[in-house]
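**Student:** This is the structure I have questions about; it appears just below.
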Amino acid sequence: MSTNPRPAAASSLEAEDEALRRSEARYRALAEATAQAVWVWDPSTGVGDFDATQRWWEKITGQSPAEQGGFDWQGWIEAVHPDDRELARTAWVTSMSTGAPFEVEYRVQTQDGGLRTILSRAVPVYGPEGEVREWVGTLADVTVQRQAMEELREADRRKDEFLAMLAHELRNPLAPIRTAVEVLRMVGPADPPVQQARGMIERQVMHMARLVDDLLDVSRISRGKILLRKERLDLVPLVRAAAEDHRSLIEANRLTLAAELPDQPVWVAGDPTRLSQVLGNLLQNSNKFTNPGGRVTIRLTEDGDEGIAVLAVEDTGIGMEPGMLARLFEPFSQADRSLDRSRGGLGLGLALVKGLTELHSGSVQASSAGRGRGTRITIQLPLSPQPAVEAGTGFLSQSPARSLWILVVEDNRDAAESLQMLLEIYGHQVVVAETGQAGLEAARQHRPDVAICDIGLPGGMDGYALARLLRRADETAGIYLIALSGYGQEEDRRQARQAGFDQHLTKPVDPLTLAKLLETLPLPSGV
């Protein structure tokens, strides 16, 4: 007995149907197994596959598939937080009208009254004629990830607050030390041992101040909080001045410093203060890692073809291995990991160099032939297309051009007394107050030309409140107000300006900076 074989075409169709069923089963299993919900929707027919998505949505919100509805924005949208509904709706309408990928994040209310964060995405699938054949989308619960990100942001905020407080607490004791050192320099005995001790104190105070500033600057760069005050400037005098500023420090370490500079100007657009900081960090780094008898060379050239200025600091120091070069510009990266930490620091100087250079649209790279064979750090900055007008250089006269009445409001007795001594040596008349209220009364009584005021004051009236009160009264409104604070971030400067201060100086203030300010500040005629 024989049987007729089934047609080949029928067998082929059954095989295709079976393959399709297997594919759909695999797709549904995959959708069930993943942490995301996957859906497909045909905009021309309004038909889609939402089974897995509806079950996923029901587990989170408690809405049954019937309650959820479809793509008519009824039902399921009720589970979305009211503040986020319009955001989700607008994003979807925009994608439907433009064909752009859909992505939106919104909060949904859970069965137990809580909130979860959902990331919804969809992409169009196009047909042969370029039409949108269907949309394929996913829903993902990203609550844990967003909470982790928020915790990181909060930790970063707390870190910034801690760094600002740490800087304030460190700067407060540094301020009277630096001021007292300047007093000793001006009126102290000329005995070599005394001068040597004074020099030691001054160098260490400046070192501490630099560490504090470096710590804060790295944090500011990472948050994009550093604002450059750019101008067109000639790098030649800037590099020459930086070399001379560090020459005594480098030569004290029994090193030779050479500066190879071009005869012609090298114009760039940059912040002279920040570029000097970059160069200073490079010179300090070479000084720290070069043994006595070595050499530090700073070289400036111009590559007109490439349109760049090339600034290199090269030393004959301890050098480094290739592995260290790869992470040299990372914050807290240390070349000195020995127990005695004789060459150590915070590992921030070169991270600052990199950050500040990149803010100037430049680049930095390091090279070394290996251990004991020195290091070369090269900075490239874009040349300025137009030359700048060279500004005249000023200097501070030995005696002030005018004598001012100055009110110092400072609750730290050492800081107040040392600042008073320094100002009186400069030839000014000084009155001191230790609280905001005492400062207000002294200002009304003495009508000073200038008030130098700490921000953190006891007694319920801080420096900001004192400045506002002085500005409101006719008899004190014209006083030139200088804020002197251990807080030196941009937000602190902004608050000082809003309170009425004319200047904001960060502790420990450079005595020369203060003296120049007092000599040149605008005051009413006759002073």
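**Student:** Using only protein heavy atoms and a 1.4 Å probe, report how much of SER248 is accessible, in Å² to the nearest 10.
**Tutor:** Roll a 1.4 Å probe over it and SER248 shows about 80 Å².
**Student:** Considering only protein heavy atoms, what is the solvent-accessible area of THR316 at a probe of 1.4 Å, reported in Å² to the nearest 10?
**Tutor:** Counting only protein heavy atoms, THR316 exposes about 80 Å² to solvent.
**Student:** To continue, here is another question. By the scheme Lys and Arg +1, Asp and Glu -1, what is the net charge of all other residues having a beta-carbon under 12 Å from that of ASP42?
**Tutor:** Residues near ASP42 contribute -2 overall.
**Student:** Pull out a ≥ b ≥ c, the square roots of the eigenvalues of the alpha-carbon gyration tensor of the stretch 420-488, then state rounded if a/c is under 1.5, prolate if not and a/b is larger than b/c, and oblate in the remaining case.
**Tutor:** Oblate is the answer for the stretch 420-488, as a/c is 1.5 or above yet b/c matches or exceeds a/b.
**Student:** Rounded, prolate or oblate, given the Cα gyration tensor of the stretch 457-527, with a/c below 1.5 counting as rounded?
**Tutor:** oblate
**Student:** Leaving out ligands and nucleic acids, and using a 1.4 Å probe, what accessible area per residue does the stretch 255-318 come to in Å²?
**Tutor:** 40
**Student:** When the scattering of the stretch 50-177 is computed by the Debye formula from its Cα atoms alone, each counted once and equally, what is log10 I(q)/I(0) at q = 0.13, 0.17 Å⁻¹?
**Tutor:** -0.66, -0.95
**Student:** From largest accessible area down, sort PHE50, PHE162; use a 1.4 Å probe on the protein chains.
**Tutor:** So, going from the largest accessible area down, we get PHE162, PHE50.
The values are calculated or read from the model by the stated rules, or taken from the named source; none is laboratory data. Small disclaimer: the values here were computed from a predicted structure and weren't measured. Glycine also receives a Cβ, built like all others from the backbone with ideal geometry; neighbour counts cover every protein chain displayed. The protein model used for the area step is the full one, side chains on, heavy atoms only, and it has no ligands, DNA or RNA in it. Shrake-Rupley method; radii C 1.70, N 1.55, O 1.52, S 1.80 Å.
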